[in-house]
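The numbers here are math on the coordinates, done by the rules we state, and not lab data. Predicted model, so just to flag it, every value in this text is computed and none were measured. When we count neighbours, we look across all protein chains shown, and the Cβ atoms used for this are built from the backbone with ideal geometry, even at glycine.
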Amino acid sequence: QIACAVLKRLEGLECGLQNSPLFAKHEFIGSTLLFVADKRGRSGVWMIDFGVTLPCDKALKHNVQWEPGNHEDGYLIGLANLIRLWKRIIAEDTWL
């Protein structure tokens with residue numbers, strides 16, 4: 001149940017970020033995803049650590065690998081990898 005809730009939150013985060021004008025205009029270098037779960041089955045995933053987040057003059061895709069000068073951070077690539085991982089955990093029933 002926790003794994004399914006985490007997956008749902010990650011998918012919601014991905015959808016929200018893909019549609020966010022703020023996200024499109026900022027580099028999220030050094031930010032963190034905080035995963036929290038307790039023994040009651042409550043869980044959540046939050047974006048934190050925005051100290052190095054910088055505005056960008058052009059719209060960013062966030063699903064492009066970083067290269068010098070392109071300002072892309074690959075954030076959505078990492079998020080897609082996490083979603084794929086949690087789907088695999090659920091499918092294989094390897095969640096503790």
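Consider region 61-92 and keep the residues that are under 12 Å from the mean Cα position of the chain (by Cα) and part of a loop (DSSP other than H, G, I, E, B). The one that is surrounded by the fewest Cβ atoms within 10 Å (Cβ to Cβ) is ASN63. Residues that are surrounded by 14 or more Cβ atoms within 10 Å (Cβ to Cβ) and β-branched (Val, Ile, Thr) were ranked within region 5-46; the one that is nearest to ALA59 (Cα to Cα) is ILE29. Return yes when ILE29 is part of a loop (DSSP other than H, G, I, E, B) and either among the β-branched types (Val, Ile, Thr) or touching a Ser or Thr at 6+ places or on another chain (Cβ under 9 Å) (or both) and no when it is not. Considered against the rule, which asks whether it is part of a loop (DSSP other than H, G, I, E, B) and either among the β-branched types (Val, Ile, Thr) or touching a Ser or Thr at 6+ places or on another chain (Cβ under 9 Å) (or both), ILE29 comes out as yes.
Considered as a group, the residues in region 47-60 that are exposed (fewer than 14 other Cβ atoms within 10 Å of the Cβ) and not hydrophobic (A, V, I, L, M, F, W, C) include one that is nearest to GLY12 (Cα to Cα), and that residue is ASP49.
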